[in-house]
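One structure is given below, encoded as structure tokens.
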Amino acid sequence: MRNVALVGRVLYSAIFLAAPLFHFSPQAIGYAAQQGVPLAALLVPASGLLALAGGLSILVGYHARLGAWLLVLFLVPVTLTMHAFWGISDPMMAQMQQAMFFKNLAMLGGALLIAHFGAGPLSFDARVRARAVAPAIA
């Protein structure tokens, strides 16, 4: 069971490590600007860096709680601005954005769980904690 948290972290972080590269493309910046994101040329790449930092932190389990909060900071505005299905008149596009909205809610829930419980036993955080406790016992 010790491996479950590690596998979960790897699977969870995958989307945050793959997607940020797109945040530096003119297409992503243009799409965000079209959706009403202010300062899209600045905020979209910044959001990519935020997602990448949070994803890496969770992947390796180093300051994973902070990494999870970075993902919360990324997910809340992205979910509300980029996947606002309630304002779309085309039924197919609204359905697609609704699915993306709820996918992001699920990822937000995962980030909050990691923010609360941490990275688990097979992580750098656990090693640091174990080293801090070991000298106190000796």
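The values are calculated or read from the model by the stated rules, or taken from the named source; none is laboratory data. Everything numeric here is computed off the predicted structure, so don't read it as measured data. When we count neighbours, we look across all protein chains shown, and the Cβ atoms used for this are built from the backbone with ideal geometry, even at glycine. Only protein heavy atoms, including side chains, enter the accessible area calculation; ligands, DNA and RNA are left aside. Shrake-Rupley method; radii C 1.70, N 1.55, O 1.52, S 1.80 Å.
Taking the conditions exactly as written (within 20 Å of residue 83 (Cα to Cα) and among the aromatic types (Phe, Trp, Tyr)), does residue 62 satisfy them or not?
For residue 62, the condition - within 20 Å of residue 83 (Cα to Cα) and among the aromatic types (Phe, Trp, Tyr) - is not met.
Given the condition β-branched (Val, Ile, Thr), under 30 Å from residue 30 (Cβ atoms) and without any contact (Cβ under 8 Å) to a residue 60 or more places away in the chain, answer yes or no: does some residue in the range 84-98 qualify?
yes
Just one of the numbered conditions (1) touching a residue at least 12 places away in the same chain (Cβ under 8 Å); (2) part of a helix (DSSP H, G or I); (3) open to solvent by 80 Å² or more (accessible area, probe 1.4 Å) is not true of residue 127: (1). In the range 39-75, the qualifying residues are those that are more than 10 Å from the chain's Cα centre (by Cα) and β-branched (Val, Ile, Thr), and the one that is nearest to residue 28 (Cα to Cα) is 44. From the set of residues in the range 36-55 that are of a type outside the set (A, V, I, L, M) and not in a helix (DSSP H, G or I), which is most open to solvent (accessible area, probe 1.4 Å)? Checked the range 36-55; the qualifying residue most open to solvent (accessible area, probe 1.4 Å) is 38. With the structure loaded, tell me whether residue 113 is in a helix (DSSP H, G or I) and surrounded by 15 or more Cβ atoms within 10 Å (Cβ to Cβ) or whether it fails that test. No, not satisfied.
Return the residues of the range 77-89 that are open to solvent by 50 Å² or more (accessible area, probe 1.4 Å) and either within 19 Å of residue 32 (Cβ to Cβ) or of a type in the set (A, V, I, L, M, F, W, C) (or both); say none if nothing qualifies. Those that are open to solvent by 50 Å² or more (accessible area, probe 1.4 Å) and either within 19 Å of residue 32 (Cβ to Cβ) or of a type in the set (A, V, I, L, M, F, W, C) (or both): 77, 80, 81, 86, 87, 88.
Here residue 95 clears all of (1) closer than 24 Å to residue 45 by Cα; (2) in a helix (DSSP H, G or I) except the condition numbered (1). Scanning the range 56-71 for residues that are open to solvent by 20 Å² or more (accessible area, probe 1.4 Å) and in contact (Cβ under 8 Å) with a residue 40 or more places away in the chain turns up 56, 59, 60, 62, 63, 65, 69.
Could you grab me the full set of residues in the range 2-31 that are of a type in the set (A, V, I, L, M, F, W, C) and touching a helix residue (DSSP H, G or I) at 6+ places or on another chain (Cβ under 6 Å)?
Going residue by residue through the range 2-31, those that are of a type in the set (A, V, I, L, M, F, W, C) are 4-7, 10-11, 14-19, 21-22, 24, 28-29.
Scanning the range 2-31 gives 16, 17, 22, 24, 28, 29.
In the set (1) over 19 Å from residue 69 (Cα atoms); (2) within 10 Å of the chain's Cα centre (by Cα), residue 17 fails one condition alone, (1). Might you let me know whether the range 63-76 holds any residue that is modelled with pLDDT of 95 or more, in contact with a helix residue (DSSP H, G or I) (Cβ under 9 Å, 6 or more places away or on another chain), over 26 Å from residue 38 (Cα atoms) and not in a helix (DSSP H, G or I)? Yes, that holds for at least one residue.
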